[in-house]
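Worksheet: the structure to be examined is printed underneath.
Please treat every number below as a calculation from the coordinates, not as lab data. Not measured: the values here are computed from a predicted model. Every residue, glycine among them, receives a Cβ derived from its backbone with ideal geometry; neighbour counts consider all protein chains shown.
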């Protein structure tokens, strides 16, 4: 399935789910479109690292965008980020549960797990100008090592680390997104950082 744009996600459900208040509706649609456009790339990266399937990650992100518009368009814009990531993380968890069931069925029926040999790791952020080829290579290797290490974390530690580091959520909003207490967020994040520091060694910095 091809990715849906932020504008398309809003238009897809706004006419049915948002009250028709003229200029007020148009303004709210524009605010939602701006928010989703701004969050889309980071959300896609988080989803790709979490499930390692680019197409499925696109689907999860666009579904989260549509659900946010459908259910929470009338919430304050300061609430959208944690609510969006809560929807996305729930989608990621559901995806992993479905995969676990699918894999058990394959074992029971004697079929081997289908491996995607063409998976391409998430591209790192654009490199600033002025770096030498060696520096760019080192940066790419460090990013790849980080993504591999993140995938090896327990699910809740992975969620806490990516929401706080990649998205920059504070502890309160991360707790909302993860559906847990602030204390749990701090514990999961601290353990994730400790584990990544040990795993990455020289790449950690």
Report summary line: Put in order of increasing Cβ neighbours within 10 Å, starting from the fewest, 28, 75 give 75, 28
Query raised in the report: Length gain on complete extension for the stretch residue 141 to residue 75, per 0.36 nm per residue less the alpha carbon to alpha carbon distance?
Result: 19.7 nm
